[in-house]
Amino acid sequence: MVTLQELRDLRLGKLGTAVSHWEQMVRKLTALAQGGDGGANAADFAAKAKTADWKGDNATVTKAFTTKTAQQFTDILTEARSIHAVLRDAHTALTGHQRSLTSAVDRWHAEKISFDSGGRAHGGTRHADNSATVEQVPPERLQAATTEIAAILEAASETDRIASRALHRHARSTHDFDETGYRSLKDADRAQGLADLNAALQLAGKGPDMTDAELQRFNTLVRQHRDNPAFAENFATRLGSVGSLELWRELAGGPHEGPRAGRARAELLADTQKFLGTTLATASHGTSPAMTAWKSGVIAAGDDRIGAYGPYGFQVSSALMRHGTWDTGFLTSYGTRLIEFERSDPGYGGTKNLWSLSPQQQLDYPRSDSPLTAGDPMHGFLQALSHNPEASLDFFHGHSGGKNGLHEIPNFDYLVDKSPERNHPRVWPTDFDGKTPGYEHLGHALESATLGYPPDVMNPQKPDLDTAQQIQERKLRLSLMDRVINYYDSSDVIEKHDGIQPSLGRMAAGHVDSLNYSVANFGSSGEESGRDRVYGADRYHLRDFERGASRSFVRALATDPEAYETLSAAQQLYGTSMMAAADNTTDAKRIGIQNVYMHGALDEVRSEAIGKEFADDAEMRNHELEKQAAWRGYVTSAVVGAGVGVGTALVAGTGVGAILIPVAIETVGGAVETHVETQTMDWLKANEHDNSAEAIKSMDDAHIAGENRAMIPLLAWAKSNGLSADEIADLSTKAETQYVTGGRLTDTDNGRR
């Protein structure tokens, strides 16, 4: 395995020189083997040898030797071309891996995260006034950093492994030259995968009888070739659709160690689930008749028991679908059939009983859910959707039913809407404590569909808008976001889907441009006031979610601290860049005032939520208000432009991956200079806060901090444009009015006194 230090310090100059030398060698050998430079060559030599009038022993021995010698020049050329191709592609790939590593390390350093030589992340601390420590880097950020660096190092290791194995193959030919070679590193990977196929199938044939050492070897093979279509497709079709499911069912919870596996075996099975699932995901993209039959077979086996009294096929396949990027068409067909099976005959106890697992059966390693919800195949399916934005978008715009006696129902309504009058929505299995882990997976799938990238990626890419199809997909994402906004219109509705709040916050942040555009329509005056021009509705392909629905959605979201922080960070970045990009002073002021208005709305809701939650606990209320005033800095740290696509800013520290925030295209560089990294503060009070005066003071401090945050972009713009003191005073007065007005937009009952 390549380490961070090895990849960072790797000097690719010698490899580049070797590529150049082998390129020259190929040209020279081409001339010797095939001619073209007017000199002697093997092709002419072989042609003359074949047409010569050989006599006696020369006709057999000498002629054959001469012909074979001429052929060796062709083999030499084939091998030289192969070596050059492998070295060339390895140099290109390693250069890319090294560049990715440098970019990632620099980005994480901005969050006070460093790495050891092996790639493990370590967090620094943030200090106030160069004195007391106020915050450690959150553990989830350290894990995210470690995961991203590990993925880069693994990709570099794969490049090294494939190239090394290809070159060693040529080096083993000590007395002859290969008559076959590789056209590229990818070609070498394909050939190596086919060479390892039988070994993997033989091990798979042993199923649960594999020893730990054999299971480790099997894991190595499927890990190395998990992204190799030749290996993956042949492996899947040779096992067969049911055989693929039986393999994991037996390994995960077969008659041997199964769910009672010791720690070492369980760790091996966790790797097996991950790499077997990723390998089958790669296979699912195949379009051959055999792979088409395999995919149809997996779906058909969904409502069958796998093994005697075993789990349903849907349960087994969904466990494997937690990993990898599965084919879009397969996922939409699979999800449709899964819903239809659930709806056809849920039986006594509904989905909880339908998807219950026997105590001896375990399908997920490590076990992620409680025994009551571990067998729900919707969890793994939704995870698969979250890794494939195209499939997720298609699925949530799709329908199920319409045949076999089932009325047609929108997939969105079935999974999201809990209103009993809306087509009998899904009843989700719950844990012992009444929690529903499926809603977190539902949120991730909706993120993928509405934002256009998986929610767990550290460096997401902005979906392109270059073609008519891409623009249409953007419209479909906005249409789905519109449905999300209209459904999750109150904190009560959101709380019923416990676990979905962070995803809704990230979705709102990713569409903060359309939310601002929607709210800037007081009394339906948007068209007459030139709203489309100011906000670039056509240019940025914005959608009007309607002012009332947007207001309700923001109000419902901002009660959650993580969603509030995420959306506040997005609002400040968006407002800053839009002011900087404005065509004139009038538009810049208008956008700046609207930005303050949105912050007022967010801050009011969060203050209300804190007041209600800690109505009888002054100390906790004050502490939460002070945390709101501090607004954790790691949430607002932004990296603009570096690998995230023009016209977007990346906000990290959101608990899963990162969010692309829309910013004005013309000011990507300017946004770097003007966005604000607020100081991270989390004061711990040593004294009691037991009187109303102190409580009011804390609330006032929180409001002042909110006002300051709202004004920072506007003041930065005013100063950079040379506004006079009187002009700034006038601007401040208007901003204060809008901040208070924005609070009224979301105000209900503060409940703080």
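Laid out as a table, the results:
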| quantity | calculated |
| --- | --- |
| Selected residue [open to solvent by less than 10 Å² (accessible area, probe 1.4 Å) and closer than 22 Å to Val493 by Cβ] from Ser386, Ser400 | Ser386 |
| Meets criteria (in contact (Cβ under 8 Å) with a residue 40 or more places away in the chain, among the hydroxyl-bearing types (Ser, Thr, Tyr), over 23 Å from Phe235 (Cα atoms) and open to solvent by less than 30 Å² (accessible area, probe 1.4 Å)) for Ser318 | no |
| Those residues of the stretch 469-490 which are open to solvent by 40 Å² or more (accessible area, probe 1.4 Å), assigned to a helix (DSSP H, G or I) and over 12 Å from His541 (Cα atoms), in sequence order | Gln469, Arg483, Asn486, Tyr487 |
| Long-range neighbours under 8 Å by Cβ, at least six apart or interchain, first residue β-branched (Val, Ile, Thr) within the stretch 392-419, second modelled with pLDDT under 85 | Ile409/Asn423; Ile409/His424; Val416/Pro425 |
| Tally of residues being assigned to a loop (DSSP other than H, G, I, E, B) and under 21 Å from Glu447 (Cα atoms) across the stretch 378-413 | 4 |
| Cβ-Cβ under 6 Å pairs, at least 6 apart or on other chains, the stretch 75-91 side under 24 Å from Ala155 (Cα atoms), far side at pLDDT below 85 and among the β-branched types (Val, Ile, Thr) | His84/Val26 |
| Qualifying position, being open to solvent by 30 Å² or more (accessible area, probe 1.4 Å), modelled with pLDDT under 90, in a loop (DSSP other than H, G, I, E, B) and more than 18 Å from Arg337 (Cα to Cα), among Ser358, Ser370 | Ser358 |
| Residue check, Val512 among the β-branched types (Val, Ile, Thr), closer than 30 Å to Gly722 by Cβ and open to solvent by less than 10 Å² (accessible area, probe 1.4 Å) | yes |
| Selection count, the stretch 511-540, where residues are touching a residue at least 24 places away in the same chain (Cβ under 8 Å) and over 36 Å from the mean Cα position of the chain (by Cα) | 1 |
| Filter result for Gly307 (open to solvent by 10 Å² or more (accessible area, probe 1.4 Å) and either touching a Cys at 6+ places or on another chain (Cβ under 6 Å) or without any contact (Cβ under 8 Å) to a residue 40 or more places away in the chain (or both)) | no |
| Checklist (1) open to solvent by 10 Å² or more (accessible area, probe 1.4 Å); (2) in contact with a helix residue (DSSP H, G or I) (Cβ under 7 Å, 6 or more places away or on another chain) applied to Ser392, failing item | (1) |
| From the options Thr146, Thr159, residue that is polar (S, T, N, Q), touching a strand residue (DSSP E or B) at 6+ places or on another chain (Cβ under 6 Å), at pLDDT 80 or above and not in a loop (DSSP other than H, G, I, E, B) | Thr146 |
| Criterion violated by Gln461 - all others in (1) closer than 21 Å to Lys352 by Cα; (2) of a type outside the set (Gly, Ala, Ser); (3) part of a loop (DSSP other than H, G, I, E, B) satisfied | (1) |
| Residue in the stretch 590-599 that is part of a loop (DSSP other than H, G, I, E, B), at pLDDT 80 or above, open to solvent by 10 Å² or more (accessible area, probe 1.4 Å) and among the charged types (D, E, K, R) present | no |
| Yes/no for Thr351 being at pLDDT 95 or above and either over 21 Å from the mean Cα position of the chain (by Cα) or surrounded by fewer than 22 Cβ atoms within 10 Å (Cβ to Cβ) (or both) | no |
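Matching residues to (1) open to solvent by 30 Å² or more (accessible area, probe 1.4 Å); (2) of a type in the set (A, V, I, L, M); (3) touching a residue at least 40 places away in the same chain (Cβ under 8 Å):
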| position | (1), (2), (3) |
| --- | --- |
| Ala188 | no, yes, yes |
| Asn198 | yes, no, no |
| Asp212 | yes, no, yes |
| Val222 | no, yes, yes |
| Asp227 | yes, no, yes |
| Gly240 | no, no, yes |
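The values are calculated or read from the model by the stated rules, or taken from the named source; none is laboratory data. The model shown is predicted, which means the values in this text are computed figures rather than measured ones. Cβ: placed from backbone, ideal geometry, glycine included. Neighbour counts: every protein chain shown. Heavy atoms of the whole protein, side chains included, go into the accessibility calculation; ligands, DNA and RNA do not. Shrake-Rupley method; radii C 1.70, N 1.55, O 1.52, S 1.80 Å.
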